[in-house]
């Protein structure tokens with residue numbers, strides 16, 4: 001897709017100003033849209049709105065897409081667009097909602113930039129938005145079709161059939177569809193779970209499928225989010241922690257996500273921190289079942305051995321594989337870890353770790369952690385193109401992971 005020549009000239013002339021004001025624009029846009037369409041609060045994550053992550057992610061995405069349209073040397077935007085489409089499908093976003101978003105986004109541009117927004121500028125940025133929106137609508141339609149999902153009815157009912165306590169704040173739910181079959185999914189994908197909260201609000205949250213494909217059930221591992229420094233507790237994670245017991249019925253999306261395990265034979269390095277271990281656990285389970293001979297290195301950082309999710313399962317799988325090794329780092333009480341796999345004390349440091357040549361890396365954890373590990377791995381000779389990552393929440397890494405702090 002290309003901008004019209006007239007719009008391209010306008011966007012080139014105004015992209016810098018829009019980029020400088022992009023976050024301010026989205027901060028006006030969201031409250032205005034939610035006031036006019038409060039039903040959309042049932043789709044958007046209120047926590048990400050409250051701490052400002054969603055406006056930053058939207059601003060970064062729109063600006064990056066516009067730059068991609070006007071700069072032939074800009075990085076390919078396709079991977080970012082596909083990642084956004086997967087997120088939208090997991091939340092049940094509908095094509096008609098793009099009209100609402102577009103109206104209020106362009107209105108916010110006018111509010112923030114004022115008289116500087118001429119009719120020509122407004123028309124050019126409207127064209128940018130709809131090129132972006134139509135690309136996403138097409139990609140999302142394809143994903144809905146592949147998942148066998150009617151976009152008008154994106155949620156499927158699942159029953160909790162098992163619950164396992166992993167630690168004081170982390171638990172695993174095994175979910176089975178109330179009717180029909182479990183939709184196929186690729187190892188590393190996630191689902192959204194939507195719950196009706198006591199105050200009448202409905203909120204969705206995305207959780208990694210923490211096991212490989214099983215056919216008859218999905219497994220998710222969830223951390224109860226406790227507020228820190230005045231931030232509120234996680235609404236959905238706490239509701240699930242308190243109420244999701246065997247027999248509970250939950251609304252679950254189709255599986256989505258682009259960080260998936262391929263069928264190659266090369267060495268794999270799995271890097272995670274905290275609850276970011278969930279896609280790693282799914283990948284390791286699948287490798288243990290289908291490719292037990294494959295070279296795997298598992299590196300994980302956590303607060304302590306007691307807070308390390310899925311430790312026993314991962315340890316058993318590592319021990320049963322031909323060339324798999326694990327190393328953990330604990331900030332507290334590293335000496336309490338089992339002596340068979342002694343943990344290192346402090347923060348993860350991969351500068352001297354056993355990283356096989358030509359490894360493909362899968363990472364999941366907080367953005368500062370992944371940025372630091374990425375730099376260390378590149379310093380070890382790992383190609384940036386071979387480092388794949390998953391972000392819980394809005395993707396602020398986008399096209400420039402070196403800027404993530």
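Observations on the structure shown:
- Residues residue 380 and residue 123, FRET efficiency given R0 of 51 Å [Cβ-Cβ distance, rounded to 0.05]: 0.55
- For the range 98-230: relative contact order, % (alpha-carbon pairs under 8 angstrom, 6 or more apart): 18
- Cα point-scatterer Debye curve for the range 5-146, base-10 log of I(q)/I(0) at q = 0.11, 0.15, 0.18 Å⁻¹: -0.40, -0.76, -1.12
- Computed over every Cα-Cα pair of the range 82-153 and binned at 5 Å starting from 0, the pair-distance distribution P(r) comes out as 3, 15, 24, 19, 13, 11, 8, 4, 2, 0 percent.
- Antiparallel content of DSSP bridges confined to the chain, in %, to 5: 55
- With the biggest extent put first, the Cα atoms of the chain measure 69, 49, 42 Å across the principal axes.
- Calculated P(r) of the range 119-177 - Cα pairs past 18 Å, %: 64
- Using just its DSSP H runs of length 4 or more, each adding -39500 (n - 2.57), the chain gives a mean residue ellipticity at 222 nm of -13000 deg cm²/dmol after division by all residues.
- Note on the range 156-252: Rg/Rh from C-alpha atoms, Kirkwood Rh, equals 0.96.
- Protection-proxy order for peptides 189-197, 209-217, each taking the mean of Cβ atoms within 10 Å per residue, highest first: 189-197, 209-217
- Computed over the chain, relative contact order equals 15 percent, with contacts defined as Cα pairs under 8 Å that lie 6+ residues apart.
- For the range 268-403, the Kirkwood estimate of hydrodynamic radius, built from reciprocal distances between every pair of different alpha carbons, is 15.1 Å.
- Angle in degrees between helix 97-113 and the longest Cα principal axis of the chain, rounded to the nearest 10: 70
- Relative contact order of the range 169-246, defined on C-alpha pairs under 8 angstrom at six or more residues apart (%): 34
- When peptides 364-377, 271-284 are ranked by their average number of other Cβ atoms within 10 Å per residue, the highest-first order is 271-284, 364-377.
- Highest average first, the peptides 85-97, 63-75 ordered by how many other beta carbon atoms sit within 10 Å of their residues are 85-97, 63-75.
Readers should treat all values here as calculations from the given coordinates under stated rules, not as data from a laboratory. All figures in this text were calculated on a predicted structure; none of them were measured in a lab. Please note: Cβ atoms are built from the backbone with ideal geometry, for glycine as well, and neighbour counts cover all protein chains shown.
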